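The values are calculated or read from the model by the stated rules, or taken from the named source; none is laboratory data. Remember, predicted model here, so these are calculated numbers, not experimental data. With ideal geometry, Cβ positions are generated from the backbone for all residues, glycine too; neighbour counts draw on all protein chains shown. Surface areas here come from the heavy atoms of the whole protein model, side chains and all, with no ligands, DNA or RNA. Shrake-Rupley method; radii C 1.70, N 1.55, O 1.52, S 1.80 Å.
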Amino acid sequence: MGWTRKDLLTMQELEPAEMGLILDTAASMKEIAGREIKKVPTLRGRTVVNLFYEASTRTRTSFEIAGKWLSADVVNWSAAGSSAAKGETLLDTAKNIEAMSPDVVVVRHGAAGAAQLLARALKCAVVNAGDGAHEHPTQALLDLLTIREKKGHLEGLSVAIVGDIAHSRVARSDIHGMKKLGMTVTVAGPPTLIPPFVQELGVKVSHRLEEAIADVDVIMMLRLQQERMTGGLIPSLREYARYWGLSRATLAGARQDVLIMHPGPVNRGIELAPEVADGPYSVILDQVANGVAVRMAVLYLLVGGRTQL
Ligand code: CP
């Protein structure tokens, strides 16, 4: 199949075949990272604008590297230091950016639906790089690529997503992608951090870490998003770390071939003990590396580059 969408907004709307196309394209892009000269002419003359209203290390940097390796011109815009600080709205900002003729706008914003709003308003392609607690589709795609690489397949695998499910756009995107691709998903965390609607997404729910991780192929630990909490959801960081932090001791009950994942940034010593984050089961930096390949694939498919790689 070929790519037909103008934008990439959610995993919820993607068909399994579309996910497969992105993953296969990303897998073919990975070879570029190993070249001495990491540059192909595929998107020469194209312009990508990264429009980031929230902080980011991995997503913004990897979109920038992805665009540059494909020879696109990449512009990084951030709210700090822009006219957003003078009160310019998201839509006005985006329309002014569009007046400068970009081919792709990659947007991260604290409001759910921000990417959809821009996709409707702009003629160029729009990529959702995270909208509030709603979705983060390219994170889910790089997670799927990493699991597929390490396990050889996706269908039939089991995943435990652990921690702050309530505030996690990564969890939502992962759940949509994993369920559509035939994986079994358990979400685990304290009741205050598991939204009631999550069972409607076809996942199991557990309130015990040891139970959730006992027999799964993948453990996805999530960051405790204190900046999105209005307060009172956990008794204390110390207690959260004690019951929900993954340590060498709790990991003893997991499978010998389990993969430990985390979208980053990691709160070391809270959701992940340093020896687990840096340990033999961790594929966290593989996820980061795959972020570049997935974002190259997404830019390539959206902009319709047809030049030989
Ligand atoms: N995983 C992720 O979105 O990381 P950043 O916030 O650093 O982009």
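Quick notes
- Extending 7 Å from Cα along the Cβ direction at Ala80 and again at Asp24 yields two label points whose distance is 4.2 nm.
- In a fully extended conformation the segment linking Gln12 and Glu227 would gain 74.9 nm over its present Cα-Cα distance, using 0.36 nm per residue.
- Ala112 versus Ser247: modelled label distance in nm, points set 7 Å from Cα along the beta carbon direction: 3.5 nm
- Anchor Lys150: aspartates and glutamates whose Cα lies under 16 Å away (excluding residues fewer than 8 positions away in-chain): Asp24, Asp217, Asp257, Asp286
- Taking the centroid of alpha carbons for each part, the range 50-85 and the range 100-119 are 12 Å apart.
- Where trypsin sites (Lys or Arg not before Pro) fall in DSSP loop in the range 229-309, at most 14 other Cβ within 10 Å: Arg306
- Added length on full extension, which subtracts the Cα-Cα distance from 0.36 nm per residue, Thr184 to Glu149: 10.8 nm
- Of Lys86, Lys180, Lys150, the one that fluctuates the most in a GNM where the chain has Cα springs shorter than 10 Å: Lys86
- Summed over the residues of the chain and divided among them, the accessible surface reaches 42 Å² per residue at a probe radius of 1.4 Å.
- Secondary structure note: in the chain, about 5% of the DSSP beta bridges are antiparallel.
- At full extension, Leu237 and Ala289 could sit 15.7 nm farther apart than now, given 0.36 nm per residue minus the alpha carbon distance.
- Solvent-accessible area, 1.4 Å probe, carbon plus sulfur percent, for the chain: 51 percent
- Candidates Ile260, Ile213, Ile234, ranked by Gaussian network fluctuation over the chain, Cα under 10 Å, top entry: Ile234
- Computed from the C-beta positions of Val258 and Arg120 and an R0 of 41 Å, the FRET efficiency is 0.50 to the nearest 0.05.
- Within a straight-line Cα-Cα reach of under 25 Å, Lys123 can be paired with the following lysines, leaving aside sequence neighbours fewer than 8 residues apart in one chain: Lys6, Lys68, Lys95.
- In order through the range 153-170: 3J(HN,Hα) via Karplus (6.51 cos²θ - 1.76 cosθ + 1.60), integer Hz, x for Gly, Pro: 6, 10, 4, x, 7, 10, 10, 10, 9, 10, x, 7, 5, 4, 9, 9, 5, 5
- Projected label distance in nm at Ala99 and Glu31, using a 7 Å step from Cα toward the beta-carbon: 4.4 nm
- Sequence-distant residues sharing a close amide H with Ser158 (under 5 Å, placed H): Thr184, Asp217, Val218
- Cross-link partners of Lys151 among lysines (Cα-Cα below 27 Å; sequence separation of 8 or more within a chain): Lys30, Lys179, Lys180, Lys204
- Positive-end residue of Ala115, Thr10, Gln287, charge dipole of the chain with Cβ unit charges: Ala115
- Fluctuation leader among His207, His262, His176 - the chain, Gaussian network, Cα springs under 10 angstrom: His207
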